[in-house]
Amino acid sequence: MRCLLSILLLSVALSAQNFAVSSDALPNAPSQHRFWTLEKKLEVSILAGLVAADAVTTQRGLDQGLREANPLMRPFVTRGAAGEAAGSALGFGAAVGVVYLLHRSHYYKAERITMRLLDAGEAGFVANNIVAIR
């Protein structure tokens, strides 16, 4: 979470340089890079599936007496499936939002790296949950 927050803050700080452009500058041309490419659709779909798998395995772990390790998600997941869905939706939206902000800031390489790191991190959480509930 700290990593995502620092990426968000850095992207905002780096985009601040755009405000100092003189008024006689040319208007922005349309972006050549589309956000919803086939690659991005696949990566976001994978992330959505991993978030769903994380939600299911977390609820199974809670039923077996385990506890949520993430203090930010703990208030959500202890309220059952509805709380888990709300927390998962917030986390998923934040993740895709950070990637979109990087895209809009024209940091395309950082956008791709961030999306892949989010997928890998969520896969790690799912694997950890599966190991813990067995």
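Bear in mind that the values in this text are calculations on the coordinates, not laboratory data. What you see is a predicted model, and the numbers here were worked out from it, not measured in a lab. Quick reminder, even Gly has a Cβ in these numbers, built from the backbone with ideal geometry, and neighbours come from all protein chains shown.
Observations on the model:
- Each peptide in 79-87, 107-115 receives the mean, over its residues, of other Cβ atoms within 10 Å, and ordering these scores from highest gives 107-115, 79-87.
- Modelled FRET efficiency - R0 22 Å, L90 with H33, Cβ distances, 0.05 increments: 0.20
- Sorting S105, S45 from the fewest to the most surrounding beta carbons within 10 angstrom yields S45, S105.
- Ordered by the count of other Cβ atoms within 10 Å of each Cβ, fewest first, L101, L118 give L101, L118.
- Once the Cβ-Cβ distance of A127 and R74 is raised to the sixth power relative to R0 = 22 Å, the FRET efficiency obtained is 0.60.
- Spacing of the modelled spin labels on Q64 and I46, each 7 Å from Cα toward Cβ, amounts to 2.6 nm.
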